[in-house]
């Protein structure tokens, strides 16, 4: 049985690690969520992580060859750790995965966090086995990753919506919290991110918020629609279509944006039908696994 050497990553290994991840991300049976699929996506994503990526990434090596890694991003505000991986290139996948997770629990993940989460392609059977063995139940909200090309998005009508303003923050916070009660980022954290490449666009009527979309330019220069929320009393009026279209048209103002991506609950057939009608296509089927940490203090 392999006895891998486990060490923290160093900042000068970014290119090597991004290439290692990208090679594994090309295959559905080893693809995991979060990172992206190419070096051009992965390296900028890692660089933007908080805490710094190299301080929360453990490497497994054998005979000086990188055979596996796990990044343990975490956030005290939502009391959650996201396990980016395990990503392993070795026949003793499960042995190395267990060792990486044990190291992360002991050295990288604060014990006060209430939840550990990981996610990957539904075809990633080894990840499912690892999750089952380590006590990560499958989350009920599996997701479909969808995207639209720039060419297709350019056929959408031009719709401009206003940005959220401070007087609307409380309404936005209430709607986001109600729509996404277990999400990975709070409404206040989204507000704090707002800048030239992160926008919250809103639809209002009679000074009441009917819906919002949070869209952003990611670290690799691609567009993402992270959240769309519509007030329950305002549904089935085309507001979701308006929000999605406006977000796409804004993201197209960045010349480098060639694709716009989003994820949607696999059980939300209405939302999937809406996005498909706009030109989005399903790229991947993703499954999350979440482990409550009962001894968090």
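Read-outs throughout are calculated quantities, based only on the coordinates presented, and are distinct from any laboratory measurement. Values in this document were obtained by computation on a predicted structure and should not be read as measured data. Quick reminder, even Gly has a Cβ in these numbers, built from the backbone with ideal geometry, and neighbours come from all protein chains shown.
Rounded if a/c is under 1.5, else prolate if a/b beats b/c, else oblate: with a ≥ b ≥ c from the C-alpha gyration tensor eigenvalues square-rooted, which is the stretch 46-143? Spell out each step's value before the answer.
Values: a/c = 1.69, a/b = 1.11, b/c = 1.52.
It is oblate, given that a/c is not under 1.5 and a/b is not larger than b/c.
Pairing the Cα long axis of helix 169-179 with the longest principal axis of the chain, what angle in degrees results, from 0 to 90 and rounded to the nearest 10?
Once rounded, the angle reads 60 degrees.
Helix 125-134: angle to the longest alpha-carbon principal axis of the chain, degrees 0 to 90, nearest 10?
80 degrees
Rounded if a/c is under 1.5, else prolate if a/b is larger than b/c, else oblate: which is the stretch 142-204, with a ≥ b ≥ c the root eigenvalues of its Cα gyration tensor?
oblate
So if I take the centroid of the Cα atoms in the stretch 27-76 and the same for the stretch 185-236, what is the distance between those two points in Å?
27 Å
Looking at the chain as a GNM with Cα springs under 10 Å, which of 228, 173, 148 has the largest mean-square fluctuation?
173
Output the peptides 49-55, 79-85, 282-288 sorted from most to least packed, where packing is the average of other Cβ atoms within 10 Å over each peptide's residues.
On the way: 49-55: 15.4, 79-85: 22.7, 282-288: 17.1.
Top to bottom by mean Cβ count within 10 Å: 79-85, 282-288, 49-55.
Taking the 0 to 90 degree range and rounding to the nearest ten, how far is the long axis of helix 14-25 tilted relative to the main principal axis of the chain, both from C-alpha atoms?
80 degrees
With a ≥ b ≥ c the root eigenvalues of the C-alpha gyration tensor of the stretch 185-282, is it rounded (a/c under 1.5), prolate (a/b larger than b/c) or oblate?
oblate
Under a 10 Å cutoff between Cα atoms, tell me which one of 20, 254, 136 has the largest fluctuation in the Gaussian network model of the chain.
254
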